[in-house]
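The values are calculated or read from the model by the stated rules, or taken from the named source; none is laboratory data. Note that the coordinates shown come from a computational prediction; the quantities given were computed from them, not determined experimentally. Methodologically, a virtual Cβ is constructed for each residue, glycine included, from the backbone with ideal geometry; neighbour enumeration extends over all protein chains shown.
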Amino acid sequence: MFRSHASGNKKQWSKRASNGNVSADSASGTHAFRQQTLSSFFVGSKKRAAAVPTTVIDLESADEGSRPKIVSPRPRLIRNNSSSLFSQTQGSFGDDDPDAEFKKLVSAPRLNSYKKPSRSSSMTNSLHKTASASTTQRTYHYDEDETLREVTSVKSESRQLSFTSTINIGGSSGESSVDLERPAKRSKPSMEFQGLKLTVPKRIKPLLRKTASNLESMNYRNALSSPVVLTREQETVVDLIIKKRANVFYTGSAGTGKSVILQTIIRQLSSLYGKETIAITASTGLAAVTIGGSTLHKWSGIGIGTKTIDQLVKRILSQKDLLAAWRYTKVLIIDEISMIDGNLLDKLEQIARRIRKNDDPFGGIQLVLTGDFFQLPPVAKKDENNVVKFCFESNMWKRCVQKTILLTKVFRQQDNELINILNAIRFGELTVDMTKTIRNLSRDIDYPDGIAPTELYATRREVELSNVRKLQSLPGDLYEFKAVDNAPERYQALLESSLMVDKIVALKEDAQVMMLKNRPDVELVNGSLGKVLFFITESLVIRMKEIYKIIDDEVVMDMRLVSRVIGNPLLKESKEFRQDVNARPLVRLERLKILINHALKISPHKERFPYVRWTVGKNKYIHELMVPERFPIDIPRENVGLERTQIPLMLCWALSIHKAQGQTIQRLKVDLRRIFEAGQVYVALSRAVTMDSLQVLHFDPGKIRTNGKVKDFYKHLETLK
């Protein structure tokens, strides 16, 4: 049969007969053959039978009725797609001599997008030499089937390429039919072509891009692995735990560097014993996520801990993972221990000795405890018969804790007057002058960048009402960003309680937001304050930065217009939009139209994200497009991954005092009207950095309450000089 093959602008026709191939070019009198690739020059069939004599008939030159003219056939080349190096089409194999083809091979253009393959020194040197130094040798021999074959060898120092031709003596033209044989089977990991050896490149490990979605985990690991400069007071605490292996409780007022010590301890203990033997826990899910651990209740496997000791021991013994955690843990770290009931600690201490079959304090597990009893008291459970007690009142504390240390150096506040006031509130010993100073802080504070101070409220309802009221007062469209949660249904409540980021974040232009991730590469930290400027796509941000080098208020006005027509060409033709565009300064119209045209090409389904201006210092700002990031939660011993993917923002016109614990807030406004818990006034006011950025409303000295047991306990703590 006849088949058509495209080769450039010509068509070639071939006919296969029982004794050979019939081929002709219908457009010209020249010989035409099927196009072959350069790869086929080096590969042929693995095993071949005796060569079949091939006859090529020139149909066009033969007269009608005359005997067709016999011409010498071209090599029949077999393409092998298994070769990864030469699988791409390199053009037709023409009449070039072997030297020229070999020169094309060794001088092929380098593939810059791949890692340079490793070669031996001799191979590297030989590839830089031209083929002109090669020599060609032809020999003849008979195969077992008495077929005469010609062997052409092309040698260039250590390389040799061999080609075998079948000599068709019986042909009418007396010319030969050349057939290329497949070289020996390649061996891994190198590619060999009769002496030409190329080592297969090593598998390239993809580089980790420093994207916003993974920077948080990188920064946390760096925090644990990077050396931290400690004060002498902090070094003493670390030495007691690492070198002397003492059971230590350390505490201090807000801003004394308790978290810095904890990070150092976790890093050094993990290096000393292995991370698997260090139990990192906290009393609440929020505190546990902050330090990269889990809640104490989750790690211990006791749930809320209301069952008897025998029942809890039986439960742990029935679960291999729980049993292994108890038996192989060397150090137990508990953060925010002030919120844990002393009765629960007594149960845990007895469980530890029974599970580990060790009568040493806490079954031989070293304890590292930290927290501030002046800030938040233990949480009472309504279904318990026992009266809630502080940890330091428990039998476990008396039996196990060897050192109780009070940190005195404050780092958060540099204002001595504010430090003295906070310490007085902490112990409930305010003077008349201090009370007067606090009441003078009720004045309004004006911030030139327009970012209002964060308000702290005692109740969650007050927080929600304040944020909703402020958001509704803003003009413009409302954008809602719904999180993607990866958590089984039974862990959904844990996910909600352990993260500060909400499941649904509702924003508008000019909304005030707080950063919930650390981004030290751009000077952003958890707690940074900013304002939403507009909502655009990622591609539009790139185009904007190409046109505008500086993001000022004029650019913000331009981009708000641009964001309105993203994927909405009908709006561009509206009278209102045209008036808004024409109202812009004439010198800005050209660049504005470029961005508008770019926005019109974007799909209306393309998601937009908030573009935020962050305040990172006095008259210093950073602009960032806030895209979704991962908020993972680690659950020891369970093959479940709790994770929320959401933009790392929350409305920050208002926060609850509970959620603000542990935060440093640069601009603070505190409303103390509905204070209901001892220690809440201190927790709220101690978030501030200076009195210049602190506003206090409804201050009542009578609401400052401290627990007498806590005051007595702190008077007997050891201080380090």
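Of everything in segment 616-667 that's among the basic types (K, R) and modelled with pLDDT of 80 or more, which residue is nearest to L441 (Cα to Cα)?
Only one residue tops the list, namely R667.
Kindly evaluate M515 against the criterion of being within 20 Å of A287 (Cα to Cα) and touching a residue at least 12 places away in the same chain (Cβ under 8 Å).
Yes; evaluated as a whole, the condition is true for this residue.
For segment 259-268, name all the residues that are surrounded by fewer than 22 Cβ atoms within 10 Å (Cβ to Cβ) and either of a type outside the set (V, I, T) or closer than 13 Å to I334 by Cα (or both).
The answer is S259, L262, Q263, I266, R267, Q268.
Quick one: is F631 hydrophobic (A, V, I, L, M, F, W, C), outside any loop (DSSP other than H, G, I, E, B) and within 30 Å of A325 (Cβ to Cβ)?
yes
If you go through segment 677-708, how many residues are surrounded by 14 or more Cβ atoms within 10 Å (Cβ to Cβ) and assigned to a helix (DSSP H, G or I)?
Matching residues across segment 677-708 total 10.
Can you pull out every residue in segment 522-554 that is surrounded by fewer than 20 Cβ atoms within 10 Å (Cβ to Cβ) and part of a helix (DSSP H, G or I)?
V522, E538, S539, V541, I542, R543, K545, E546, I547, D553, E554
Considering only residues that are at pLDDT below 85 and surrounded by fewer than 20 Cβ atoms within 10 Å (Cβ to Cβ), which ones fall in segment 272-286?
L286
Got a sec? Which of V565, V627 is of a type in the set (A, V, I, L, M) and not assigned by TED's automatic domain parsing to the domain that holds L524?
Every option except V565 fails the conditions.
So, of the residues in segment 463-478 that are crowded, with 18+ Cβ neighbours inside 10 Å and in contact with a strand residue (DSSP E or B) (Cβ under 7 Å, 6 or more places away or on another chain), which turns out to be modelled with the highest pLDDT?
Ranking the candidates gives N467 first.
Starting from residues that are at pLDDT below 80 and part of a helix (DSSP H, G or I), keep the ones in segment 289-312 and report whichever is surrounded by the most Cβ atoms within 10 Å (Cβ to Cβ).
V289
Restricting the search to segment 555-591, which residues are in a loop (DSSP other than H, G, I, E, B), touching a residue at least 12 places away in the same chain (Cβ under 8 Å) and over 16 Å from P604 (Cβ atoms)?
Passing the criteria: R584, P585.
I241: more than 23 Å from R399 (Cα to Cα), modelled with pLDDT of 90 or more and within 34 Å of the chain's Cα centre (by Cα), yes or no?
So I241 does not fit the description; no.
Take the residues in segment 469-486 that are of a type in the set (A, V, I, L, M, F, W, C) and touching a Lys or Arg at 6+ places or on another chain (Cβ under 8 Å); name whichever of them is farthest from F534 (Cα to Cα).
Across segment 469-486, the extreme among qualifying residues is V484.
Which numbered condition trips up V612, out of (1) in a strand (DSSP E or B); (2) farther than 28 Å from D449 by Cα?
(2)
Going residue by residue through segment 570-590, is there one that turns out to be of a type outside the set (S, T, Y), over 28 Å from Y621 (Cα atoms), surrounded by 14 or more Cβ atoms within 10 Å (Cβ to Cβ) and out of contact with any Phe, Trp or Tyr (no Cβ under 6 Å at 6 or more places or on another chain)?
yes
Suppose the filter is closer than 23 Å to R630 by Cβ, touching a Ser or Thr at 6+ places or on another chain (Cβ under 7 Å) and in contact (Cβ under 8 Å) with a residue 24 or more places away in the chain; does A279 pass it?
So A279 fails the test.
From (1) in contact with a His (Cβ under 6 Å, 6 or more places away or on another chain); (2) within 18 Å of E538 (Cα to Cα), pick out the condition that doesn't hold for R673.
(2)
V525 passes all but one of (1) closer than 20 Å to F631 by Cβ; (2) touching a residue at least 12 places away in the same chain (Cβ under 8 Å); which number fails?
If we test V525 against (1) closer than 20 Å to F631 by Cβ; (2) touching a residue at least 12 places away in the same chain (Cβ under 8 Å), just (2) comes out false.
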